[in-house]
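S.K.: Provided herewith is a single structure, encoded as structure tokens, for subsequent inquiry.
Just so you know, all these numbers are worked out from the coordinates, no wet-lab data involved. It should be emphasised that the depicted structure is a prediction, and the values quoted were computed from it without experimental measurement. No Cβ is skipped: glycine too gets one built from the backbone with ideal geometry, and neighbour counts run over all protein chains shown.
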Amino acid sequence: MTVTNMLRHISLKHIRHQKVRTAIALFGIALGVSSMTSIDIVNTSVIRSLEDSINRITGRAVLQVSGAESGFSEEMLERVQKIPGVEYAVPVIETNASLASGSERSFVVLGVDVLQDSNIRDYSVTDESSDIPDPLLFLARPDSILLTKEMAHREGIRIDQKLQVQTVQGLKNFTVRGLLEPDGPAKALGGDIAVMDVYAAQLAFGKEGRIDRIDVSILRGETLDSMKARIQAALPEGYNIDTPAGRSRQIENLMARFRKSMDLISFMALFVGMYLIYNTVSISVVQRRKEIGILRALGATQGQIIRLFLAETVVLSLLASILGVGLGLFFAKLSISAVAQTVSSMYGRSQVTDLAFTWYSMLKNIGIGIAASVIAAAFPARSSTQVAPVSAIRSLPYAMDGTVLNKAQKFFSAALITLAGIIILIYKTVGLASPIRNSMTTTLAMICLLLGISLAAPLFLKWFITLYRSFLASRLGASGRIAGLNIEKNLSRNAVAVAAVFFSISLSVSSSSMMNSARKGVMDYIDDIENSDIIITSGHPLATAGAATIPMPLGMRQELEAVPGVQSVDPFRKLFMNFSGKRVLLEAIDIVTWPKHNTCTIIDGKLMTRGQEEISVNETIADKLGVKAGGVMVLPTPNGPKSFVVTAIVLSYASDAGVIFMDMETYERHWNDHVADMFSVYVKPGNDIAAVRASIQDRFKGKRKMFVLPALEFRQEIKKMLDQSVVMNDAVNVLTLLIAGFGIIVTLLASVLERTREIGILRSIGMKRNQVSAVVLIESALIGMAGGLLGIVAGVITGWINLEGFFRLDFGASLSYHIHYPSIGSALLLSIGLSVLAGLYPAKRAAKTNIVEALSYE
Amino acid sequence: MIELKNASKKYQQGAREVHALRDVSLSIKKGEFLSVMGASGSGKSTFLNLIGGLDQPSSGEIFIDGIPLHGISDDELTLIRRRRVGFIFQFFNLLPILTAAENVSLPLLLEGTPYSEIKPKAIKLLEQVGLSERTEHRPEQLSGGEMQRVAISRALISNPAVLLADEPTGNLDSHTSEEIFMLLKNLHEQGQTIVMVTHDPRAAAYGSRIVTLKDGMVSEDISLGGRA
Amino acid sequence: MSVKYAMLGILAQKDLHGYELKSSFDEKVGDFWSLNYGQIYSTLDRLEQDELVSHDRQAQDKRPDKKIYSITPKGKKELEEWLATPVTKVRALRDEFFIKLVFMDKRNPAPVLELIEKQKTLYLKQMNQLTHQKVAHKKQPKKHDSLTTELLMDAGLFHAEADIKWLTLCESKIKSMMKNK
């Protein structure tokens, strides 16, 4: 094979001789592949652990009947048990609780029918529980609870010990009657699980007469589908009958958004890696012009030359991808617990113990790494064919490339930018419900735009240098002028460096502007809806329903209002419900008192009134379902489906899946649920907020654990949370900037090495060392400035595109775009600073040029 | 052996159209050592590019061993270069990263022959030009004369029909030049067809035939001396 | 002038009679000077007068005695001094061609250009021949004097090359003069 011949005899030597450049390119792809791999592993691990927990908790049940999050009437249990084909149907209460002392760790309480549940789940009690609890005995004492061995050991809890637990009814005392071996459900959720009797759980957690789930096993010979249909028919509307597989899928869907943003990050990382490969191969082609000419003269075909460069890329990217997979594994290990925590707080409890490592995904990522590299290398490799074999005949002083843009490049650039425009235009024209309207479309538009602009980089650079020469060059003296000339002389190569800077700056400006808009939107919204002075929550202030929150009884409202200095209290209930396949947030508010303190941005219609079957929805719901003010929506309630009139479309960013607002009275009536997740407390004018806060804390001391936060602190908590999501973005920005820096180093170093002779001549006729380094540094700064300016323009545009594709899609179209000006300033400074920094080493190299050697060189 | 029939070459230099070669008809016989002389701009480089298959004529015909070099694809032309033509350049054009033996082997490496098979031949060729001690040296470790001898070995490895030399001693001192010419002369005596392009009469005098180009046309065609 | 030293140089190596001297002269520097016997003998007479050479007579059958010439110590000293002294006189231009150039019709230089062309071709042919002789010479088994011969051939080649280059310059300057008119 010719290519292997050439690889062995030419490429490997180049790779050996150009360690720095090779290492940088290697690093770029490795980084891309590693982020892809780690995201893959982390994501799969989290999903698997969630699935594992679900399966353990589900046991042998093949069908699960569930209603709204607040639970449903236990009468349904009998109905299900009577359905022919049902083997066992057992009630389950699944709720959160937390230890009142010690680590205050939260855990899941599984309330089960002690007599029947062993038909579905296996429990093995440790030998330590010497008097193996008699089920009836267990049942007879409502304070009985079983803990997992793991949790008990961790918390130092022994059998028969009294345990104070935070519940919806306040602090409750339980007695640990036994410990569970890590087996079956006891192994789920990393052992953060407790089991008690279902009826005791109903009492303890304020769910009298209600259960959360019915777990069903079916008789042999019955099919899942027919049983599902039979159960569905026997129950009123609004109930979900899931298979465990269906639950897994739900979790995957739940994770999809999380995954999407992760995928975007790894795609960006890979894209940046591709940029480095593109850069490396481009420079390699320019630097090896002479070699290409010689090889062509000696009889290497154009195809052979292209294959040579591609083969080099394959070898390099194979190495890099393998390295990347290894790094990815390492990153996954580092980040898995943090991610698991984030996921727990956002989507439900998860405890990840094992990394999901599959050879398939490793090979896939290596394949993607190589493919991406080859694609990136294809364009510059093709340009190698422009080197005529004749160029070997006469030695060219050093590669001059006067061509700014060849026709094809111009065409592609214009075409890509136009395409981006068309995509956005179509995107904005089609209806909100159109399948085109998703983040894939906007990402595509963004990529087209970025690629189009990078292709036009030489043109921009030329224009920029002309501008520089007429305004600035003369002020920088001889070095300034020579720097300008040098860039002009090698436009297309310097344009590669400009494009690298452009790319990373645009990413950073775009994401900070997007984040800024989202944050501003959310903060404005919170300011609008949250004017209270003190906020009381039982869980983390920002935890959504489903996460580890323990609601408080509505009766607390009166207790709170009785606290001196309190003017009024607004309750909130938040829960997710299954609605046409989506997990939609249902928010119950007191429609009589709430509007007195809060301004709700109403897009259309007017808010609902008390005692009516009315709701309001946010834009997301309105857009997705095509509901208008005055329309009717049928919601599943624990008492069956009910029709509600949609009176208003309002602004809300509370959930990305959509929000439905309801009056608290309506909610209590239909859901039989009398709890709140949050109380907003308004202090009487003239009273000290801190004093009132202290009295509230006093009032509930020892009865209930809860967060009592001044509203200001609450907002800060939200801001902190938002900032956390920005950190991930910042990490990517730093990464891309770093890579852009490498790109500049590579470009400048190559051009310095190539100009050895020229620098020697300049030195010999009297240019000082520091003038030589000044030339290189000015070049570097110019590249940075050009890239920075282009990046800012592109970033502002792509920021808007991304806002459109990600946040507006989830949060509603009225989220307005706020360019983040500080980040533009810092991006420009950073790009110039970074470029100068990147130019330091090449500048040092240039200044060190040995005049005699430089002049004797060929 | 090599046949030019009304070969012309025009190219654009900025807005100007340059006639580098005008209607040149020439036939080079097997075993000839042809020196092509001419001032810069006379068209001698173009002449070399055309018969070496580095470039194609704008009009007219060129044949090597009866095979046309005009109107064929780049790949076909490339294969002719690889298999029938051996190049010797003024600036040697060795790949700096390769050893002498590897540089010599390049044309056959391009054919896909394994290096282990080529290497003995490459070393033998290097021995013939007196570089047996230098086979594993890289160009930067060689003198100009040595580099050019490596280049000659490289040109010979594919047993080319014609050896094309472009100012082969333009970068060498007179004594070293003479050594290179003696090498070429020896090859010529062994029957190798050689075409050399030079502006130096002392170099040209080694040819068995001297053609002078002027303004893209043949102005003189001396064929005397021959073997003394 | 140099003929005198050439003969001293030959005699410094070996004593020779007139005929042998001529053959040795032809062999060594014949390409540059051709001398007839008269010139040889008249030079020898002059050298004897200056006491740089002396001769012995050698008897021969049926023929007059042969004069064997040898170099005297004074002659050896003179030769050594000459060899050590650099040549100060610049080589004469090709006188005949130079005179033709002087008489060139400045208004119609075409015939001169033609002449230059022919002259160049002539030189090139000479160089071509000389080069081939040199190649042949280099390939012969090395003799005592072959290096000297080779160096002289080189000198001839360099001179011819210089002439060609000078003629090329003439040609180019005449042409540019014509253009400027």
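S.K.: Taking neighbour Cβ counts within 10 Å as the exposure measure, how do A:MET151, A:MET440 sort from fewest upward?
M.R.: Values: A:MET151 23, A:MET440 12.
The most exposed by this proxy come first: A:MET440, A:MET151.
S.K.: Further question on the same structure: Angle between the Cα long axis of helix B:115-128 and the longest principal axis of chain B, 0 to 90 degrees, nearest 10?
M.R.: In chain B, helix B:115-128 runs at an angle near 80 degrees to the longest axis.
S.K.: Let me ask another. Give the aspartates and glutamates whose C-alpha is closer than 18 Å to that of C:LYS67, dropping any in the same chain fewer than 8 places away, or say none.
M.R.: Result set, ordered by chain and number: C:ASP15, C:GLU20, C:ASP45, C:GLU48, C:ASP50, C:GLU51, C:ASP56.
S.K.: For chain C, find the longest principal axis of its Cα atoms and tell me its angle to the long axis of helix C:110-139, 0 to 90°, nearest 10.
M.R.: 40
S.K.: Another one. For the Cα atoms of chain C, what angle does the longest principal axis make with the long axis of helix C:73-84, in degrees from 0 to 90, nearest 10?
M.R.: Tilt of helix C:73-84: around 20 degrees.
S.K.: For region A:628-640, just list the computed ³J(HN,Hα) in residue order, Karplus coefficients 6.51, -1.76 and 1.60, θ = phi - 60°, integers in Hz, with x standing in for Gly and Pro.
M.R.: Each residue's phi maps through the Karplus curve to give 10, 4, x, x, 10, 10, 9, 10, x, 10, x, 9, x Hz.
S.K.: Sticking with this structure for a sec: Which value, in debye to the nearest 20, describes the size of the charge dipole of region B:119-214 about its Cα centre when Lys and Arg Cβ atoms bear +1, Asp and Glu Cβ atoms bear -1, and nothing else is charged?
M.R.: On the way: 11 positive and 12 negative charges, 77 e Å.
My answer is approximately 360 debye.
S.K.: Only Cα pairs within less than 10 Å get springs; with that Gaussian network setup on chain C, which residue of C:ALA155, C:ALA136, C:ALA12 has the largest fluctuation?
M.R.: Among C:ALA155, C:ALA136, C:ALA12, the largest GNM mean-square fluctuation belongs to C:ALA136.
S.K.: Another one. Pairs A:LYS333/A:LYS364; C:LYS4/C:LYS165; A:LYS574/A:LYS606; A:LYS428/A:LYS624: which are spaced more than 27 Å apart, C-alpha to C-alpha? Mind dumping the intermediate values first?
M.R.: Numbers: A:LYS333/A:LYS364 20 Å; C:LYS4/C:LYS165 32 Å; A:LYS574/A:LYS606 21 Å; A:LYS428/A:LYS624 15 Å.
Result: C:LYS4/C:LYS165 exceed 27 Å.
S.K.: Picking from B:MET217, B:MET182, B:MET147, which is most flexible by a Gaussian network model of chain B using Cα springs under 10 Å?
M.R.: The residue with the greatest mean-square fluctuation here is B:MET182.
S.K.: Test of understanding: in a Gaussian network model of chain C with alpha carbons linked when under 10 Å, which of C:ILE99, C:ILE116, C:ILE68 would top the mean-square fluctuation ranking?
M.R.: Most flexible of the set in this elastic network: C:ILE99.
S.K.: How many partner chain Cβ atoms sit within 10 Å of a residue's Cβ in peptide B:167-174, on average, as a whole number? Before the final figure, lay out each step's value.
M.R.: Values: counts 2, 0, 0, 0, 2, 0, 0, 3.
Partner-chain Cβ atoms within 10 Å, mean over residues of B:167-174: 1.
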